[in-house]
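To start, the structure under review is shown below, and the notes come after it.
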Amino acid sequence: MEYRRLGSAGMKVSVISFGGWLNFGEGVMAEELAGQLITTAYDQGINFFDIADIYRKGEAETQMGKILKQFPRQNLVISSKVFWPMSDNVNDRGLSRKHIMESIDASLKRIGTDYLDIYFCHRHDPETTALEVARAMTDLIQQGKILYWGTSEWTGQEVQEVCDVCEKYHLYKPQTDQPQYSLVHRKRVEQTLLPVTKKEGMGLVVWSPLGQGFLTGKYDGGIPENTRLGREKWAQERFFQGDLAERSRKLQPIADEMSITRGQLALAWILHEQGVSSAITGATQKEQLLENVKAANITLSEQTLAQLNDLFNPALESE
Ligand SMILES: NC(=O)c1ccc[n+]([C@@H]2O[C@H](COP(=O)([O-])OP(=O)(O)OC[C@H]3O[C@@H](n4cnc5c(N)ncnc54)[C@H](OP(=O)(O)O)[C@@H]3O)[C@@H](O)[C@H]2O)c1
């Protein structure tokens with residue numbers, strides 16, 4: 001496993017990390033399988049585990065937290081997130097100081113830990129000022145409840161604004177942003193986000209690096225029911241549009257040439273970008289994890305990078 005610094009921070013994260021978005025939570029993932037997956041991830045050198053309060057309304061935090069307890073806390077980088085409504089209460093949402101201060105305690109309790117390594121603002125909140133958010137996050141750092149904070153799916157401009165506010169008021173800057181980034185979703189990140197995060201010393205930890213499994217080639221022959229896109233029908237239209245499926249198939253000969261899988265090729269492509277600290281993968285089977293972690297050791301040649309750039313050029317992406 002390779003470990004990279006979280007941007008300019010001293011803390012290092014495994015370049016392949018593991019998340020609990022749609023795969024974790026009681027009734028979604030059996031206890032035994034959840035344990036097997038996390039143990040496999042840990043044994044393979046994954047140290048970074050990403051969850052959020054909203055994933056199955058706290059259940060993913062509870063399930064993952066229970067399993068992570070078997071490992072020494074200092075060997076883990078655990079992140080969670082705040083923003084999405086957890087109830088109908090008008091204040092149980094967003095990035096107000098009130099919601100951030102109350103949410104961290106609830107997340108720590110569910111996960112069963114004294115602190116989070118990274119706490120993400122899961123979206124930008126137009127109803128809370130950058131100063132209010134940055135002050136709340138700085139206070140959490142000073143209280144020892146979190147070590148670093150980050151943004152997720154914020155625009156480059158929003159990230160720049162909060163960094164400027166932190167600079168002006170001597171507050172802790174966000175150390176990372178968590179955007180969707182993959183061969184099929186490049187444009188926003190490359191054109192507007194990376195220029196800001198690199199300048200500010202932030203490391204990206206990116207989500208859906210396999211396009212929810214689409215880039216592995218598992219949907220070449222249709223959409224089996226017991227797969228991510230079979231279960232989450234809403235996600236299908238993101239991938240089955242235009243000639244995306246056809247272009248995705250063209251990854252096969254490139255992967256074959258290197259004796260790797262299409263999924264490994266897609267992950268290795270993400271990791272060639274040094275502005276990325278980690279690719280947060282999901283898995284529902286141990287074999288998937290074992291395949292995915294191998295991407296950490298794959299280096300792509302200039303020729304392969306050029307081929308991938310032609311095939312999945314950001315100019316081909318719809319807005
Ligand atoms: N910040 C945000 O707003 C946000 C949003 C979404 C996700 N995230 C984070 O990012 C993490 C990863 O997202 P993701 O789960 O969409 O990532 P992903 O790695 O692109 O997709 C994971 C899914 O693809 C399939 N898969 C994975 N490896 C495979 C392999 N080798 N062969 C075949 N199929 C494979 C599995 O689904 P099946 O086996 O079910 O088909 C797996 O659950 C989440 O858990 C979460 O922590 C953050």
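The values are calculated or read from the model by the stated rules, or taken from the named source; none is laboratory data. Since the structure is predicted, the reported quantities are computational estimates derived from the model, not experimental observations. So basically every Cβ, Gly included, is an ideal-geometry build from the backbone, and we count neighbours across all protein chains shown. Just so you know, the surface numbers come from the protein's heavy atoms only, side chains and all, with ligands and any DNA or RNA stripped out. Shrake-Rupley method; radii C 1.70, N 1.55, O 1.52, S 1.80 Å.
Taken about its Cα centre, segment 89-144 carries a charge dipole of roughly 80 debye when the Cβ of each Lys and Arg holds +1 and the Cβ of each Asp and Glu holds -1.
Taking a ≥ b ≥ c as the square roots of the eigenvalues of the Cα gyration tensor, the chain is prolate, since a/c reaches 1.5 or more and a/b is larger than b/c. For residue 12, the solvent-accessible surface computed with a 1.4 Å probe is close to 110 Å², ligands and nucleic acids excluded.
Measuring between their Cα centroids, segment 99-120 and segment 172-200 lie 24 Å from each other.
Computed from point charges on the beta carbon alone (+1 for Lys and Arg, -1 for Asp and Glu), the dipole magnitude for segment 24-65 about its Cα centre is near 80 Debye.
Computed over protein heavy atoms with a 1.4 Å probe, the accessible surface of the chain works out to 44 Å² per residue. Considering only 205, 303, 8, the residue lying farthest towards the positive end of the dipole of the chain is 8, judged by Cα position with unit charges set on Cβ.
Around the amide H of residue 16, modelled in the peptide plane, lie the amide H atoms of 2, 279, all under 5 Å away and 5 or more residues distant in sequence or on another chain. For segment 2-72 and segment 249-319, what is the separation of their Cα centres, given in Å? Comparing the Cα centres of segment 2-72 and segment 249-319, I get a distance of 21 Å.
Dividing the summed helix terms, -39500 (n - 2.57) for each DSSP H run of n ≥ 4, by the number of residues in the chain produces a 222 nm estimate of -10500 deg cm²/dmol to the nearest 500. Projecting the Cα positions of 35, 240, 290 onto the charge dipole of the chain (unit charges on Cβ atoms of Lys, Arg, Asp and Glu, taken about the Cα centre) puts 35 furthest along the positive direction.
Sites listed here are GluC sites (Glu not before Pro) in segment 130-183 whose DSSP assignment is loop and whose Cβ has at most 13 other Cβ atoms within 10 Å, and the list is empty.
What the Cβ-Cβ distance of residue 39 and residue 114 gives, at R0 = 22 Å and to the nearest 0.05, is a FRET efficiency of 0.45. For trypsin sites (Lys or Arg not before Pro), no site in segment 124-205 is both called loop by DSSP and has at most 13 other Cβ atoms within 10 Å. Overall, the chain carries a charge dipole of about 400 debye about its Cα centre when +1 sits on the Cβ of Lys and Arg and -1 on the Cβ of Asp and Glu, all other atoms neutral. Return the single residue from 252, 288, 143 with maximal mean-square fluctuation; model: Gaussian network over the chain, springs between Cα atoms under 10 Å. Among 252, 288, 143, the largest GNM mean-square fluctuation belongs to 143.
Using 0.36 nm per residue and subtracting the Cα-Cα separation, the extra length available between residue 69 and residue 141 on full extension is 23.7 nm.
For segment 205-243, applying the loop criterion from DSSP together with a ceiling of 15 other beta carbons within 10 Å to the chymotrypsin sites (Phe, Trp or Tyr not before Pro) yields 240.
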